[in-house]
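Computed from the coordinates by the stated procedures, all read-outs in this text should not be read as laboratory data. Since we're looking at a predicted model, the values are computed, not measured. A quick note on method: Cβ atoms are made from the backbone with ideal geometry, for glycine too, and the neighbour counts reach across all protein chains shown.
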Amino acid sequence: MPNTRIRSSAGTYEIRCQRMALIGAARQIARACDSNEVFILSSPRVWRHWGKSVVRAIRPAHGNRVILFDDAEARKDMSNVEAICRALHRAGADRHSVLVAVGGGVVGDVAGFVASSYLRGVSLVHIPSTVVAQVDSSIGGKTGVNLPEGKNLVGAFYPPKLVITDPILLATLPHREFRSGLYEVIKSGVIADARLFAYLEQNMRAVLRRDAAALAWIIPRCIQIKARVVTADERERGLRKILNFGHTLGHALEAVTGYRRFLHGEAIGWGMIAAARIAVASGRLSQSQATRIIRLIMEVGPLPALGRVRAGQLRKIMLGDKKSRAGRIRWVLPIRIGKAQWDVEVPWATVTRVIRRLPQVAKEARA
Ligand SMILES: NC(=O)c1ccc[n+]([C@@H]2O[C@H](COP(=O)([O-])OP(=O)(O)OC[C@H]3O[C@@H](n4cnc5c(N)ncnc54)[C@H](O)[C@@H]3O)[C@@H](O)[C@H]2O)c1
Ligand SMILES: [Zn+2]
């Protein structure tokens, strides 16, 4: 699989994706960053599984300079950023230092924000260890942390110098986390790649077993989709918005349930089902294509029940989302598998009808 290059306002960087990509990491980091002054940022859980392999691959020049922090979503905050910056200072990190983030999206987002601001910016390398991080969060330069007022409210665009993506790291991921990441993979198929979608339809069982060949097929494909989108529209003025397919309602579901009931991907699973139904109800998508989308989502496994979530509550949250403008909710809707439109406005009555019927839709797809 060829490496993927991404052009960003801060320069070009490469995503090296293959099994055993970790081997040779030391040399690649030194070349991409012009320095071998490496500091590793990771979480205790990720480090327990992968610390030894990473250290063997990176061979930090001055011993083991590893800073571990709690990667719970609730700790993706400014106090963690401050603690990490202070730990870097105590350990002697300077402007030539390279921060290597080893972990999922939380580690990557926090480490990325630290890299963007510590000494006004030091080199950043991602070694993503979850499905979400490998196909999504390590690509495109968005970094940031949460405030008590909401998710990802403070951050910066800060592209890495290099991304080293090794699907082997996914072997230790808890199964629910792994499945949750697959909803984002399905998202890529629906919005941009009918072949990826068809591959998932035919090979979902192998993917769920984490079969090496299946992962080697889908992960680089998702990387290329995201790379294409963020290269064309780094700052989300147009095309990049398609990546929010399923996220309009998904984010609202996460918020209304206090971020406890759903993993992010699971909420996106529901959000994509809703968006497919809204696309049908507004005459944009055929019923048969929507059925294929909903079936594939259900094949990943049962989604946590919606419970007593009311459309009105969701609407309030969607209107407050930083992606809504002037009191209008804008949807990303598929017009066929492999192609989506963004900034679509839909009458609220249509949306309410779809939300009310959601539990039923899921049952029908299973039948
Ligand atoms: N910057 C972006 O463009 C972007 C895009 C998507 C998501 N995100 C952010 O990413 C975060 C979610 O990231 P995530 O889904 O990767 O989850 P995560 O980082 O929360 O990790 C999930 C859990 O898996 C553990 N883990 C990670 N890798 C492991 C491994 N290989 N083996 C065993 N356990 C492992 C972690 O310790 C954690 O407990 C959110 O905060 C979201 O806002 C950012
Ligand atoms: Zn997402």
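Data for the structure
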quantity	calculated
Reachable lysines from Lys226, criterion Cα separation under 20 angstrom, eight or more residues apart if same chain	Lys142, Lys161, Lys187, Lys241, Lys323, Lys339
Theoretical FRET efficiency, 1/(1+(r/R0)^6), r = Cβ-Cβ of Asp34 and Glu73, R0 45 Å, to 0.05	0.85
Principal axis dimensions, largest first and in whole angstrom, of the stretch 328-367 by Cα	32, 26, 9
Residue with peak Gaussian network fluctuation, the chain [Cα springs, cutoff 10 Å], from Lys339, Lys323, Lys52	Lys52
Calculated FRET value between Arg120 and Arg295, using beta carbons and R₀ = 35 Å, to 0.05	0.10
Semi-axis lengths, Å, the chain, gyration tensor of Cα atoms, sqrt of 5 times eigenvalues	35, 22, 18
Euclidean distance of C-alpha centroids, the stretch 77-132 and the stretch 4-71, integer Å	11
Antiparallel bridges, percent of DSSP beta bridges restricted to the stretch 1-152 (to nearest 5)	30
Of the DSSP H helices in the chain, those whose Cα atoms cover at least 15 Å axially and whose Kyte score averages 0.5 or more	105-117, 212-232, 264-281
Net charge contributed by nearby residues that have their C-beta within less than 13 Å of Val107 (K/R +1, D/E -1)	-1
Fully extended contour minus Cα-Cα distance, from His89 to Ala171, at 0.36 nm per residue	26.1 nm
Counting DSSP beta bridges with both ends in the stretch 99-212, the antiparallel % (nearest 5)	40
Relative contact order %, the stretch 131-196, counting alpha carbon pairs below 8 Å whose residues are six or more apart	31
For the stretch 209-321, the spread of Cα positions along each principal axis, largest first, Å	41, 36, 32
Within-9-Å neighbourhood charge of Leu119 [Cβ basis; K, R +1; D, E -1]	+1
Fraction of beta bridges assigned by DSSP in the chain that are antiparallel (%, nearest 5)	45
Between the stretch 203-260 and the stretch 327-346, the alpha-carbon center distance in angstrom	16
